[in-house]
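A.B. asks: First, the structure itself, so that you have it in front of you.
The values are calculated or read from the model by the stated rules, or taken from the named source; none is laboratory data. Quick caveat: nothing in here was measured; it's all calculated off a predicted structure. Using ideal geometry, Cβ is built from the backbone for each residue, glycine included, and neighbour counts are taken over all protein chains shown. Quick note on the areas: whole protein, heavy atoms, side chains included, nothing else; ligands and nucleic acids left out. Shrake-Rupley method; radii C 1.70, N 1.55, O 1.52, S 1.80 Å.
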Amino acid sequence: DIKTGDTSTGRLMKKRSRIETQNLARHCNEELILAILSGGTRHGYQLALELEERSGSYFRLNHGTLYPILHKLEKDGMIKGSWSDDGPKRRRRQYALTSKGKKYASGQREAWKEFYDNLTAIMKDVDR
């Protein structure tokens with residue numbers, strides 16, 4: 001949530017985070033990655049495997065989708081990447097949430113709950 005000034009009353013109001021429906025897939029993938037990283041540092045392949053495993057294969061990210069999202073999140077300051085030598089054959093880039101990323105992910109979870117509630121409110125009348 002962001003506090004903004006209401007110029008007509010001089011009060012501070014909360015501006016809620018909202019999911020941009022035009023970019024739904026991108027926002028969903030970002031939130032899924034941030035949620036996995038909330039459990040600790042992971043390298044890219046671990047992220048993809050854990051996401052697939054935890055969702056019962058419902059969510060899958062291929063490399064062409066995953067790495068551009070990781071680079072964007074890192075550029076935006078939501079995650080921090082670092083190189084490690086713990087891979088069997090080569091160095092791996094590990095990713096961790098930043099404090100900014102933790103705060104953002106928390107706000108996004110609330111926005112996704114609101115999105116889901118509104119979507120299901122509309123969908124519940126479909127079969128009537």
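A.B. asks: Condition first: more than 12 Å from the chain's Cα centre (by Cα), open to solvent by 60 Å² or more (accessible area, probe 1.4 Å), at pLDDT below 90 and of a type in the set (Asp, Glu). Can you find one or more residues in the stretch 78-92 that meet it?
C.D. replies: Yes, the conditions are met somewhere in the stretch 78-92.
A.B. asks: Pairs under 8 Å by beta carbon, first residue farther than 16 Å from Leu97 by Cα in the stretch 55-71, partner among the polar types (S, T, N, Q) and open to solvent by less than 60 Å² (accessible area, probe 1.4 Å), six or more apart or different chains?
C.D. replies: The qualifying pairs are Leu61/Asn29; Thr65/Asn29.
A.B. asks: Shifting gears a bit: If we scan the stretch 103-110, do we find a residue that is open to solvent by less than 70 Å² (accessible area, probe 1.4 Å) and of a type in the set (Asp, Glu)?
C.D. replies: no
A.B. asks: For the stretch 81-102, give me each residue that is within 12 Å of Thr41 (Cα to Cα) and outside any strand (DSSP E or B).
C.D. replies: Thr98
A.B. asks: If you don't mind, there's one more thing I want to ask. Name the residue, out of Ser55, Ser82, Ser38, that is farther than 25 Å from Asn23 by Cβ and small (Gly, Ala, Ser).
C.D. replies: Ser82
A.B. asks: For residues that are open to solvent by 90 Å² or more (accessible area, probe 1.4 Å) and assigned to a loop (DSSP other than H, G, I, E, B), scanning just the stretch 35-77, find the one that is farthest from Gln108 (Cα to Cα).
C.D. replies: So, considering only residues that are open to solvent by 90 Å² or more (accessible area, probe 1.4 Å) and assigned to a loop (DSSP other than H, G, I, E, B), the one farthest from Gln108 (Cα to Cα) is Asn62.
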